[in-house]
Amino acid sequence: MTVLPIVIHGNPILHRPAAPVTSFDDKLRKLIDDMYETQEVSNGVGLAAPQVGVGLRLFTYKFENEDGVPPLGVVVNPVLTLGKISTADPDPYDEVEGCLSFPGYSFPLKRADWVTVNGFDGEGNPLKFEATGWFARVMQHETDHLDGKLYVNRLNAKYTKKYKKVVKAEGWTAEGNTWMPGVDPDPFGHGE
């Protein structure tokens, strides 16, 4: 397995919809294995293919949950059915998200408290499950990547201003910015 570089905000692959997976072959299995390894080394709870520069609709996750779903998995060609998203302001302590493709920063965001996930596993077998709480948040966050969105694209007006200042200050307006898990410092300070 290979650890892959993670692309950062500004790379066009993160800002356009990913293509459906059409072949469940050895090439896809290798990508999934590499994504698992990259996710593990980066201390992520999820990793979408566009985040490693591959424009396909799949993501891996590692998240203990109370929904009876294996804590480690892959979802290919996901379709989510979401519960209602509150229009209240997000809690600045309990509803904060971060992203490996927006490294080192976190912002509050409202998400649905439950989702139904339909898709396929890495072998092409259909899967369907319900996710609640933070596990539902992970499913929404990773599926957003496949739709060409980062979580910062969903922030309210207050936090949108803050994230745009970060983009400008960090120079994340164009292609070419990446970080390498296991080589570059962990942007979220895991293990420090």
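The modelled label-to-label distance between K164 and V96, using points 7 Å beyond Cα along the C-beta direction, is 2.3 nm.
Every Cα-Cα pair in the range 108-164 was counted, and those over 13 Å apart are 66% of them.
Starting from 0.36 nm per residue, how many nanometres of slack lie between E130 and A174 once their C-alpha separation is accounted for?
On the way: separation 44, 0.36 × 44 = 15.84 nm, distance 3.66 nm.
Between E130 and A174, full extension yields 12.2 nm more.
For the residue pairs K62/K165; K84/K161; K62/K110; K27/K149, the alpha carbons lie more than 23 Å apart in K62/K165; K84/K161; K27/K149.
Put simply, the chain fits an ellipsoid with semi-axes of 24, 21, 15 Å; these come from the alpha carbon gyration tensor as the roots of five times its eigenvalues, largest first.
Ordering R111, R154, R29 by accessible area with a probe of 1.4 Å, largest first, what comes out?
R154, R29, R111
Whenever you get a sec, compute what percent of the accessible area on the range 1-125 sits on carbon and sulfur atoms (1.4 Å probe). Carbon and sulfur together cover 53 percent of it.
What do you get for GluC sites (Glu not before Pro) in the range 1-110 restricted to DSSP loop and a cutoff of at most 15 other Cβ within 10 Å of the site's Cβ? Those satisfying the criteria are E64, E66. For the range 42-133, the square roots of the Cα gyration tensor eigenvalues, ordered a ≥ b ≥ c, give a/c of at least 1.5 with a/b no greater than b/c, which places it in the oblate category. For the pair the range 143-163 and the range 11-73, the centres of their Cα atoms are 19 angstrom apart.
Compared with the alpha-carbon gap, the fully stretched path from L82 to R29 is longer by 16.2 nm at 0.36 nm per residue. Under 15 Å from the Cβ of L127, count the other residues' Cβ atoms, weight Lys and Arg +1, Asp and Glu -1, and hand me the total. With Lys, Arg at +1 and Asp, Glu at -1, the net is -3. For I32, the shell of other residues with beta-carbons less than 14 Å away shows a net charge of -4, using +1 for Lys and Arg and -1 for Asp and Glu.
With contributions of -39500 (n - 2.57) from each DSSP H run of at least four residues, the per-residue ellipticity at 222 nm computed over the chain stands at -7500 deg cm²/dmol.
In summary, the convex hull built on the alpha carbon positions of the range 1-68 has an orientation-averaged projected area of 5.4 nm². Projecting the Cα atoms of V69, H190, L150 onto the charge dipole of the range 56-192 (Cβ charges, centred on the Cα centre) puts L150 farthest toward the positive pole.
The values are calculated or read from the model by the stated rules, or taken from the named source; none is laboratory data. These numbers come from a predicted model, not from an experiment. Because the Cβ atoms are built from the backbone with ideal geometry, glycine has one as well, and the counts that use them run over all protein chains shown. Note: areas computed on protein heavy atoms with side chains; ligands, DNA, RNA excluded. Shrake-Rupley method; radii C 1.70, N 1.55, O 1.52, S 1.80 Å.
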